[in-house]
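Below is one structure, written out as structure tokens; comments come after it.
Just so it is clear, none of the values below were taken in a lab; they were calculated from the coordinates. Note that this is a predicted model, so its numbers are computed, not measured. Methodologically, a virtual Cβ is constructed for each residue, glycine included, from the backbone with ideal geometry; neighbour enumeration extends over all protein chains shown.
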Amino acid sequence: MEADKGKVAIVTGGARGIGLEICRELLGMGMKVVAVDLKKDLLDALPGALGNPGDNLETAVVDVTNSAAFTSTIEQVAEKHGRLDVLVNNAGITRDNIVLMMSDEDWELVLKVNLMSAFIGTRAAGKIMMRQRKGAIVMMSSYSGLEGNRGQANYAASKAGMLGLMKSAAKELAKRSVRVNAVAPGFIKTDMTDVLPQQAKDMALAQIPMERFGTPGDIARAVGFLASEASAYITGQVLSVDGGMHT
Ligand code: NAD
């Protein structure tokens, strides 16, 4: 849409996988995109991977669990461009194990990277967006957060937590047209899922009514919708993009 052109967006975990496709989608909509990620080598290769979009793409090496660093990155982007229209809280990790064998460290790390970072980002971007009386925040949740998943108690708790954060922030920020929504992907083919054993992949496929894994592009298009003026009256919602698993 014309109204989305020139918007400024931050995408966390933007260096690869779903985040990279979200960057591509938002660039295609005419937005300026700042990709935030831990991995400098992947960020350095990102302009090439996205067809060299020039000034429309910026990158920042930031650990989103570092509250001061992530907050100041968001503030600097808004200051430089004079606006911040979109934040996509996409960075995420897994440390799978059954509950009975899960360590405190693996519980804490996954909650910190997936949920704490989304809180830090939402607080910092929310302040800027409330002042400008407009904005859209999108959380990358998961089917696991809606339904739970064997071997993923920490991950499912973090993704369910993102939905609680999303719904609360949506209620708090709505009066100034700042919208907060979530996408809940099912099983998407990326580096994160490529490492799973074949048996786990076969079991996942058997659960998908559309009988195929999703692509990062499937998710990116849903994020693009929730980030855009096309969803101007939608807030506090979870959009499942999972080939029909969650109905
Ligand atoms: P991925 O591992 O390919 O990419 C994640 C990116 O996040 C990486 O570039 C990584 O460097 C970055 N990242 C990790 N920790 C970070 C930190 N502390 N600070 C900054 N960046 C950090 O994963 P993906 O499959 O593209 O997943 C993206 C998001 O989608 C995640 O939140 C994931 O939980 C969610 N998701 C994925 C699937 C799936 O099937 N792939 C399903 C549901 C939800």
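Using the Cβ of PHE213 as centre and a radius below 13 Å, the other residues enclosed give a net charge of -2, where K and R count +1 and D and E count -1.
Charge dipole (Cα centre; +1 on Lys/Arg Cβ, -1 on Asp/Glu Cβ; no other charges) of the chain amounts to roughly 960 debye. Judged by the mean number of other Cβ atoms found within 10 Å, the most tightly packed of the peptides 129-140, 71-82 leads the ranking 129-140, 71-82. Along its three principal directions, the equivalent ellipsoid of the stretch 138-247 from the Cα gyration tensor extends over semi-axes of 27, 15, 10 Å, largest first.
Screening the chain for whole DSSP H helices with an alpha carbon extent of at least 24 angstrom along the helix axis and a mean Kyte-Doolittle hydropathy of at least 1.6 yields nothing. Centre-to-centre separation between the Cα atoms of the stretch 134-206 and those of the stretch 1-53: 20 Å. In the distance distribution for the chain, Cα-Cα pairs more than 30 Å apart total 20 percent. Each of the peptides 144-156, 110-122 was scored by the mean count of other Cβ atoms within 10 Å over its residues; in descending order, highest first, they stand as 110-122, 144-156.
By definition, a body whose alpha carbon gyration tensor gives a ≥ b ≥ c is prolate when a/c is 1.5 or more and a/b is larger than b/c, and the stretch 176-235 fits this prolate description.
In this structure, the amide hydrogen of LEU239, modeled 1.01 Å from its nitrogen in the peptide plane, lies closer than 5 angstrom to those of ALA182, VAL183, ALA184, counting only residues at least 5 positions away or on a different chain. Label positions at GLN76 and ARG95, each projected 7 Å from the Cα along the C-beta direction, are separated by 2.8 nm. Extending 7 Å from the Cα toward the beta-carbon at both ASP194 and ASN52 defines two label points whose distance is 2.5 nm.
For a paramagnetic label modelled on LEU109 (point 7 Å from Cα along Cα→Cβ), amide N atoms under 17 Å away belong, within the stretch 168-206, to 192-193, 195-196.
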